[in-house]
């Protein structure tokens, strides 16, 4: 009885191990595909416009600071110490406001970038899942994080995912 149980366990272990090795694996370069998706171009245009708007606001604050600083430099020799101290505090406050706005602008830009990229990434993920399920792949890995892969055992599905997304490679010029 014990021999039969041991034999059964050994056979089960061998079957399980061969099943694991028979799994189909694939890789895809999500960065490459994301970059050529039509939605990415629109996202980049929106980000450029948003960034330009933020940059214009930053430049306006910088111009205001420069103008006030120039006025201060001209008039400081004739200012009494109290007025001079108030003007310096005002300039420091303007400089601090610029630094705070710059930090907030960077955060807003990152947030906007994530907001615009999320639906594109979801569409890409859905296409990868659809291709993987249709071809029966057990796992799909991003090519950008591979340290090593054996091309004979891991299938590149970039072309299939691009086809699923309706992306055609531009002809070489």
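Would you mind telling me which numbered condition in (1) surrounded by fewer than 11 Cβ atoms within 10 Å (Cβ to Cβ); (2) closer than 16 Å to residue 110 by Cα residue 80 fails?
(2)
Failed condition for residue 120, given (1) assigned to a helix (DSSP H, G or I); (2) surrounded by fewer than 11 Cβ atoms within 10 Å (Cβ to Cβ), with all others met?
Failed condition: (2).
Taking the stretch 130-148, which residues are closer than 16 Å to residue 29 by Cβ and surrounded by 12 or more Cβ atoms within 10 Å (Cβ to Cβ)? It would help to see each step written out before you state the result.
So the first thing to find is which residues in the stretch 130-148 are closer than 16 Å to residue 29 by Cβ, and the list is 131-132, 137, 139-148.
Within the stretch 130-148, 131, 132, 137, 140, 141, 142, 143 meet the criteria.
Collect the residues in the stretch 149-159 that are loosely packed, with under 11 Cβ neighbours inside 10 Å and within 15 Å of residue 23 (Cβ to Cβ), keeping them in residue-number order. It would help to see each step written out before you state the result.
The first filter runs over the stretch 149-159 and keeps only residues loosely packed, with under 11 Cβ neighbours inside 10 Å, leaving 150-153.
Matches in the stretch 149-159: 150, 152, 153.
What number of residues within the stretch 25-84 satisfy the criterion of being under 30 Å from residue 148 (Cα atoms) and assigned to a helix (DSSP H, G or I)? So that I can check it myself, show each step before the final result.
Here is the first cut: in the stretch 25-84, the residues under 30 Å from residue 148 (Cα atoms) are 25-37, 40.
When the remaining residues are screened for being assigned to a helix (DSSP H, G or I), the result is 30-36, 40.
Within the stretch 25-84, residues that are under 30 Å from residue 148 (Cα atoms) and assigned to a helix (DSSP H, G or I) number 8.
Checking the structure you have, find out if any residue of the stretch 42-49 is within 17 Å of the chain's Cα centre (by Cα), exposed (fewer than 12 other Cβ atoms within 10 Å of the Cβ), farther than 27 Å from residue 139 by Cβ and at pLDDT 95 or above.
Going through the stretch 42-49, the residues within 17 Å of the chain's Cα centre (by Cα) turn out to be 42-48.
Of the ones still in play, those that are also exposed (fewer than 12 other Cβ atoms within 10 Å of the Cβ) are 45, 48.
The next check asks that each one be farther than 27 Å from residue 139 by Cβ; those that pass are 45, 48.
Of the ones still in play, those that are also at pLDDT 95 or above are 45, 48.
Checked against the condition, which is being within 17 Å of the chain's Cα centre (by Cα), exposed (fewer than 12 other Cβ atoms within 10 Å of the Cβ), farther than 27 Å from residue 139 by Cβ and at pLDDT 95 or above, the stretch 42-49 yields at least one hit.
Within the stretch 133-171, take every residue that is assigned to a helix (DSSP H, G or I) and out of contact with any helix residue (DSSP H, G or I) (no Cβ under 9 Å at 6 or more places or on another chain) and give me the one that is nearest to residue 32 (Cα to Cα). Walk me through it before giving the result.
Going through the stretch 133-171, the residues assigned to a helix (DSSP H, G or I) turn out to be 133-135, 143-145, 158-165.
With out of contact with any helix residue (DSSP H, G or I) (no Cβ under 9 Å at 6 or more places or on another chain) added as a condition, the list becomes 133, 145, 159.
Details: 133: 21, 145: 13, 159: 11 Å.
In this case the residue turns out to be 159.
What do you reckon, is residue 59 modelled with pLDDT of 50 or more, exposed (fewer than 13 other Cβ atoms within 10 Å of the Cβ) and farther than 28 Å from residue 120 by Cα? Outline the logic, then answer.
Numbers: modelled with pLDDT of 50 or more: yes; exposed (fewer than 13 other Cβ atoms within 10 Å of the Cβ): yes; farther than 28 Å from residue 120 by Cα: yes.
Spelling it out, residue 59 is indeed modelled with pLDDT of 50 or more, exposed (fewer than 13 other Cβ atoms within 10 Å of the Cβ) and farther than 28 Å from residue 120 by Cα.
Whether any residue in the stretch 84-104 is over 26 Å from the mean Cα position of the chain (by Cα) and either touching a residue at least 60 places away in the same chain (Cβ under 8 Å) or farther than 22 Å from residue 62 by Cα (or both) is what I want to check. Talk me through it step by step, then tell me what you get.
At the first step, the residues of the stretch 84-104 found to be over 26 Å from the mean Cα position of the chain (by Cα) are 84-98.
Now drop any that are not either touching a residue at least 60 places away in the same chain (Cβ under 8 Å) or farther than 22 Å from residue 62 by Cα (or both), which leaves none.
Scanning the stretch 84-104 turns up no residue that is over 26 Å from the mean Cα position of the chain (by Cα) and either touching a residue at least 60 places away in the same chain (Cβ under 8 Å) or farther than 22 Å from residue 62 by Cα (or both).
Would you confirm whether any residue within the stretch 100-114 is exposed (fewer than 14 other Cβ atoms within 10 Å of the Cβ) and within 23 Å of residue 162 (Cα to Cα)?
Yes - at least one qualifying residue is present in the stretch 100-114.
The values are calculated or read from the model by the stated rules, or taken from the named source; none is laboratory data. The shown structure was predicted, so the numbers you read here are calculated from the model rather than taken from an experiment. With ideal geometry, Cβ positions are generated from the backbone for all residues, glycine too; neighbour counts draw on all protein chains shown.
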